[in-house]
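Taking it in order: structure first as structure tokens, then the write-up.
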Amino acid sequence: MLKVSDLAKSFAGVKAVAGVSFEIAKGEILSMIGPNGAGKTSAFNMITGFYAPDAGSIVFEGRELNGLPPHAIAKAGIGRTFQNIELFHDLTVRENMRVALQCNSPVTTIGAILRMPSTVRREIEENRRTDELLKMMGLADKADYQSSALSYGEQRRLEMARALATDATLLLLDEPTAGMTPAEVGIMMDTIRKVRDTGITVFLIEHNMKLVMSISDRIVVMDHGVKIAEDVPSEIRKHPAVLRAYLGEEEVA
Amino acid sequence: MKSILVLVAVVGALCVLPFLGGNAYTLHIYGLVGIYAIVAMGLNLVFGYTGQISLGHAAYFAVGAYISAMTTIDLGMPYIIGLLAAIVATFILGYLVGTPSLKLEGAYLGMATIGFGEIVKMTLVNWEDVTRGPTGISRIPQPELFGLDFNTPLLRYYFVLGVAVIAFIVYWNLVRSHYGTRFVAVRDSAKAASAMGIDLQRTKTLAFAISTAFAGVGGSLYAHVNRYIAPDAFGLGESINLLVMTVIGGMGTLVGPIVGAAVVVYLRESLQVLADFNMLIYGLLLMLLMVFVPRGLIGSFKLFWQKRWGHAESQ
Ligand SMILES: Nc1ncnc2c1ncn2[C@@H]1O[C@H](COP(=O)(O)OP(=O)(O)OP(=O)(O)O)[C@@H](O)[C@H]1O
Ligand SMILES: [Mg+2]
């Protein structure tokens, strides 16, 4: 589904990502782990068009993405969340969803100005889809809340719901459980599984080893901008290079 | 449904307003409020909702006024053609100027828009063959629609009111449509907006062009209601006034620009008697408003209301 080859990016001499290649297969949950500053978010940012790669290629369903702006990549079917939550804080939960729902079918200016019946019908259909996604994310009763009034865990789940509302077929999640309580982590784990079960491919950056080990089909391990391992969780657990990279960090469970 | 009833009630009240002791002068002032409200609504779309500053909106107000006046006088066209020409010209101009300018942000965008505003003013002053230079254009025909002349102050007031109501409905529909949410999305988080498939550049430029078209409508009305225009009235000071209307009423609130237009026009007119001191007092009053009502009149009222409401609910 997604094939990344020899991806590289430097910032003022610092090699954030130094020639990384991997593939994601349709329907799997692939996790990317690695110590702080390993280049995980930078890789995400290149895949989603926020950073222009210095070198390499990113092919999504047969199409080269390198060089496309973020909005075009979103339209192509890659949704994402951000490490530091990026909600539209002045909008309600429903309105946040609405922004995402127009990703592939924006209304016409004339339709909006004249408030044509088709515009109104469309809003009704969007409300239905919003309720459906919010329900899946456990936010069913929060639709009319100001998004900034949600709890931390809810905000993260709203970000996910919003990414799905773009009709993404590949979902990139950047540390979806950062700063969450164990209970919230459990909910998030179930939610990610639910999302995968609807046929969506998930690419996950995560520091929570327990979650990563139990949820992932495969794991890519990054350190200092390079990929040091790629395997199924049971192998990653005992991989010498991984253990070395994580020495003094979190224990590999 | 409730909001439509409110709109009907307000428009009804504005229709009887002239009979509550209005003379030609007060009618003219009410008309000005309507005209400026249209421009401020447009500016609110780009500044309040989309978060992009424009310090040059007086230029589009001027272009609308001049195009409309020249279309009717020099080309002998009916008023409606002048108005449409003003809308089309300012929309296209806004699109052309917005496309490069809106790549800039914050203070740089502010300066670029000031620059364009000055270019327009210079052009109005110096291109005498077409614009009549610093003396401006006088004896502009009053508005006329399909043979109906708006030839009394009362009729002109109704004319402005009618156009303002249409402009408000267009603006309101935009705000509550996907455009409104998309504009706010761009303002709140450009990153997330682009991850939702929003082309930032196109969205900002569209907001800008729509807002300059509103300024064009205001300009056209101003030319034909005031019946005299000159470059002096369309400088940076006027651009700042327009921005002040948007801010004082409450940026990014639906009726903020209308309240702001009323406050600014009222202040400006009532301070005329102070002659030399009027700008000083005007500036001081604006500063006080900004300090004590930083969210704007409507914004603060909403906050107050929410607090009371929330309080009542928790009891
Ligand atoms: N926009 C940027 N400008 C300059 N340096 C950057 C930028 N983005 C990333 N970097 C640098 O690139 C390196 C990799 O950062 P990145 O955010 O990709 O790491 P990460 O693996 O996501 O880390 P973390 O687990 O802390 O989120 C770091 O040295 C970081 O400082
Ligand atoms: Mg990161």
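The values are calculated or read from the model by the stated rules, or taken from the named source; none is laboratory data. These figures come from a predicted structure and were not determined experimentally. Here Cβ is always computed from backbone atoms with ideal geometry, including for glycine, and neighbour counts include all displayed protein chains.
Among residues that are at pLDDT 95 or above, surrounded by 15 or more Cβ atoms within 10 Å (Cβ to Cβ) and not assigned by TED's automatic domain parsing to the domain that holds A:His224, A:Val4 is not included. For region B:252-274, a residue qualifies if it is within 25 Å of B:Ile4 (Cβ to Cβ) and out of contact with any Ser or Thr (no Cβ under 8 Å at 6 or more places or on another chain), and the qualifying residues are B:Gly252, B:Thr253, B:Leu254, B:Val255, B:Ile258, B:Val259, B:Ala261, B:Ala262. Candidates in region B:98-118 are the residues that are free of Cβ contacts under 8 Å to residues at least 60 places away in the same chain and of a type in the set (A, V, I, L, M, F, W, C); of these, the one that is surrounded by the fewest Cβ atoms within 10 Å (Cβ to Cβ) is B:Ala107. Total residues in region A:49-70 satisfying the condition of being away from ligand 1 (no atom under 13 Å from the Cβ), under 18 Å from A:Ala163 (Cα atoms) and surrounded by fewer than 22 Cβ atoms within 10 Å (Cβ to Cβ): the figure is 2. Only a single item in (1) surrounded by 22 or more Cβ atoms within 10 Å (Cβ to Cβ); (2) more than 8 Å from chain A (Cβ to nearest Cβ) is not met by B:Tyr179, and it is number (2). Residues in region A:6-43 that are under 20 Å from A:Thr169 (Cα atoms), more than 8 Å from ligand 1 (Cβ to nearest atom) and among the aliphatic types (A, V, I, L, M): A:Ile24, A:Ala25, A:Ile29, A:Leu30, A:Met32.
Determine whether A:Gly67 is free of Cβ contacts under 8 Å to residues at least 40 places away in the same chain and over 23 Å from A:Glu159 (Cα atoms). Answer is yes for this residue.
Of the helices (runs of 4 or more DSSP H) lying entirely inside region B:138-217, those containing at least 2 residues that are modelled with pLDDT under 95 and not polar (S, T, N, Q) span B:153-176, B:178-188.
Tally time: how many residues in region A:162-190 are within 12 Å of chain B (Cβ to nearest Cβ) and under 22 Å from A:Thr92 (Cα atoms)? Qualifying residue count, region A:162-190: 7.
This table checks each residue for (1) out of contact with any Asp or Glu (no Cβ under 8 Å at 6 or more places or on another chain); (2) of a type outside the set (A, V, I, L, M, F, W, C).
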{"residue": "B:Gly48", "(1), (2)": "yes, yes"}
{"residue": "B:Leu55", "(1), (2)": "yes, no"}
{"residue": "B:Ala58", "(1), (2)": "no, no"}
{"residue": "B:Ala65", "(1), (2)": "yes, no"}
{"residue": "B:Ile73", "(1), (2)": "yes, no"}
{"residue": "B:Met77", "(1), (2)": "yes, no"}
{"residue": "B:Gly82", "(1), (2)": "yes, yes"}
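Answer yes or no as to whether B:Gly197 is within 11 Å of chain A (Cβ to nearest Cβ) and at positive phi. Yes; evaluated as a whole, the condition is true for this residue.
Given the structure, is B:Leu161 more than 7 Å from every other protein chain (Cβ to nearest Cβ), farther than 30 Å from A:Arg162 by Cβ, in contact with a helix residue (DSSP H, G or I) (Cβ under 8 Å, 6 or more places away or on another chain) and not small (Gly, Ala, Ser)? For B:Leu161, the condition - more than 7 Å from every other protein chain (Cβ to nearest Cβ), farther than 30 Å from A:Arg162 by Cβ, in contact with a helix residue (DSSP H, G or I) (Cβ under 8 Å, 6 or more places away or on another chain) and not small (Gly, Ala, Ser) - is met. Can you say whether B:Ile81 is exposed (fewer than 15 other Cβ atoms within 10 Å of the Cβ) and assigned to a helix (DSSP H, G or I), as far as the supplied structure shows? Considered against the rule, which asks whether it is exposed (fewer than 15 other Cβ atoms within 10 Å of the Cβ) and assigned to a helix (DSSP H, G or I), B:Ile81 comes out as yes. Per this entry, A:Glu28 is not counted among residues that are modelled with pLDDT of 95 or more and within 16 Å of ligand 2 (Cβ to nearest atom). Would you mind stating whether A:Lys75 is buried (at least 16 other Cβ atoms within 10 Å of the Cβ) and within 16 Å of ligand 2 (Cβ to nearest atom)? So A:Lys75 does not fit the description; no. Residues that are under 13 Å from the mean Cα position of the chain (by Cα), in the same structural domain as A:Ala55 (by TED's automatic domain parsing), more than 16 Å from ligand 2 (Cβ to nearest atom) and not in a loop (DSSP other than H, G, I, E, B): does region A:201-220 have at least one? Yes; the residues of region A:201-220 include at least one that is under 13 Å from the mean Cα position of the chain (by Cα), in the same structural domain as A:Ala55 (by TED's automatic domain parsing), more than 16 Å from ligand 2 (Cβ to nearest atom) and not in a loop (DSSP other than H, G, I, E, B).
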